[in-house]
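Take a look at the structure set out below.
The values are calculated or read from the model by the stated rules, or taken from the named source; none is laboratory data. All values reported here derive from a predicted model rather than from experimental measurement. No Cβ is skipped: glycine too gets one built from the backbone with ideal geometry, and neighbour counts run over all protein chains shown. For the accessible areas, the whole protein counts, side chains as well, though only heavy atoms, and no ligand, DNA or RNA atoms are used. Shrake-Rupley method; radii C 1.70, N 1.55, O 1.52, S 1.80 Å.
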Amino acid sequence: MTPVLRTARLVLDPYVPEDEEAFVALFQDTRVSRWMGDGPTTEAEDRALFGRVFTKVYAEDLFDVWAVRHHGRLIGHAEIKRTDEADGHEIIYALAPEAWGSGLGTELAEAIVAYGFDSLGLSEVHATVAAPNTASLALLARIGFTRVRDVREEDGSTTRVLTRRRAPGPGA
C-alpha cells in the first residue's frame, strides 16, 4: 500500500476519487504533459489513467503512486516504479506550473529518492528525462543524479537516463 510521505512543505498521499478533476487538469496542462510519457493525451485518456490508478495500481499493489499536495491542494503527481527503460526503479514526478521555481520540485524529488533508498532498500534510483527538459535535468543534477546514457526515441527525440546511487553507509 502506498504510504503517506511528508516533507517540510508537501504531503504525498494516495489519490482519492475526489482528486480526479485536479489530476485531469494537471495532465491536460500541456506545459506539464509535454514532458510526461509520450506527451499530451486526451481528457478521456487521462480520466482512464486516473481510474487505473485505483483498479490496477492500488488494487494490485503494483507500485507507489502519490498525489502531491501543498497546503491541502493537489499540485502534482509522483511515482516510483520499476521500468525497462531505466532498467531499475525510476522516479516520476510532475508539478503544476504555479509550483515551478519555488524549490518544491527539489523537495518532491528528494522525498521520492529517500523513499526508494530507505523504504524500498534500493541501491540506486533512476530518472528518464527528455533532453530539452533542462529544468528537470538541472534539478536532478543538483540532487546528485548523473547522466548514464541517452536513448534515441522512434520519433528522433532523445531521452536522457540518469542515476543516483545510494551513498555508502558508515563503515562501508
Open item on the list: If amide hydrogens are placed 1.01 Å from N in the peptide plane, which non-local residues have theirs closer than 5 Å to the one on ALA130?
Closed with: ARG160
Task: Nonlocal amide H pairs with ASP64, under 5 Å, H built at 1.01 Å - done: ILE80
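Based on the alpha-carbon gyration tensor of segment 1-57 and its eigenvalue square roots a ≥ b ≥ c, which shape applies: rounded if a/c is under 1.5, prolate if not and a/b is larger than b/c, or oblate?
On the way: a/c = 2.06, a/b = 1.37, b/c = 1.50.
Here segment 1-57 falls in the oblate category.
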Task: Amide H contacts of GLU90 (H built 1.01 Å from N, under 5 Å, at least 5 apart or other chain) - done: LYS81, ARG82, THR83, HIS126
Open item on the list: What are the ³J(HN,Hα) couplings of segment 51-60, residue after residue, when phi is run through the Karplus curve with 6.51, -1.76, 1.60 and θ = phi - 60°? Round to Hz, x for glycine and proline.
Closed with: x, 5, 4, 7, 6, 10, 4, 6, 4, 9
- [ ] Could you work out how far the C-alpha centroid of segment 102-172 sits from that of segment 1-64, in angstrom?
- [x] 20
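Roughly how many Å² is the accessible area per residue of segment 1-46, as a whole number, for a 1.4 Å probe? Could you put the intermediate results ahead of the total?
On the way: 2750 Å² over 46 residues.
Spelled out: the 1.4 Å probe surface of segment 1-46, per residue, equals 60 Å².
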TODO: With a Förster radius of 35 Å, plug the Cβ-Cβ distance of ASP87 and GLU18 into 1/(1 + (r/R0)^6) and report the FRET value to the nearest 0.05.
DONE: 0.45
Task: Net length gained if the chain between THR41 and ALA8 were fully extended (0.36 nm per residue, minus Cα distance) - done: 8.6 nm
- [ ] Please work out which option in [x] 10.3; [y] 13.3; [z] 9.8 gives mean projected area of the Cα convex hull in nm² calculated from these coordinates, and answer with its label.
- [x] [x]
TODO: Express the accessible area of segment 50-172 per residue in Å², computed with a 1.4 Å probe while the remaining protein chains stay in the model.
DONE: 51
